[in-house]
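Accompanying notes for the structure given below.
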Amino acid sequence: MKGRYSLPGAIIFFTLTILPINFFHLSRSCAQVSPPEPLQTKITSQDWQRLERLVQIAQHHSATIKAASTALGVSAFEETVSLELSQTYSSGSFIEDQEQFPEEENSLEIALTLNPLKIISAIQQRPALKAQLQEAKQQKRVEVIKAYVAYLQARQTTQITAYQMQAFTNRHPLAARLPSTAVTQTLSNPAYVSAAQEMLSANAQEQVALAELAASVGLSESETLRVLRTEW
């Protein structure tokens, strides 16, 4: 009786142990085929935090904003007040021990002149100067946002093309399921040539987008990447 049930028991045990192994292998293969990270579908809160930091830096470095801010400051009244300095000399004599000696005195005169008409004109121009400053800040903000979004799109395009390019390498699971002619890395393979061109174009566009973002912010490319990689 013991030998009668030993064989089925062994078969059941073997079947139960091999299924998890196959399932684990299948899940591992699916994980390798999937992209290394999910694609971005919207501007996240972290993106906006990075954007606010980039906008602050860009507005601080902007020559247009600096000029508008200077025009709104003390320089707006520089023509309303004139200051003149003059030095005068006076001569005389003094007597010491019954002897007379010549004497000269120097004095500094300051003349301050106010122009009421120019003061009124400067005050009336302040609202327009404030509007120019605010407009310059808004334009710089829009410029940085556009450059940042363009960089995000270019970086994601590079990610997609890099994943597609893996089909032409022996390390990618997809290459094992395709015909050998489809994964050949030669110029005679149109699919490989097209994928390589797309990847080169994507990498180049990402570098251009990073350079444009750095230029709009007023930082170097390495400094801009440091801000982008900061965790918020």
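Derivation of every value follows stated rules applied to the coordinates shown; laboratory data play no part. Model, not experiment: these values are computed from the prediction. Every residue, glycine among them, receives a Cβ derived from its backbone with ideal geometry; neighbour counts consider all protein chains shown.
General remarks:
- Cross-link partners of K130 among lysines, defined as those whose alpha carbon lies under 20 angstrom from its own and excluding same-chain residues fewer than eight positions apart: K66, K118, K140.
- Note on A215 and A128: their simple-model spin labels are 3.2 nm apart, each label 7 Å out from Cα toward Cβ.
- Label zone (Q139, point 7 Å along Cα-to-C-beta; backbone nitrogen cut-off 12 Å) within segment 208-232: none.
- Phi angles of segment 54-68 translate, via the Karplus equation with coefficients 6.51, -1.76, 1.60 and θ = phi - 60°, into HN-Hα couplings of 5, 5, 4, 5, 5, 5, 5, 8, 5, 5, 5, 5, 4, 5, 5 Hz per residue; Gly and Pro are given as x.
- Full extension of the chain between Q153 and T113 gives 8.4 nm of extra length, using 0.36 nm per residue less the Cα-Cα distance.
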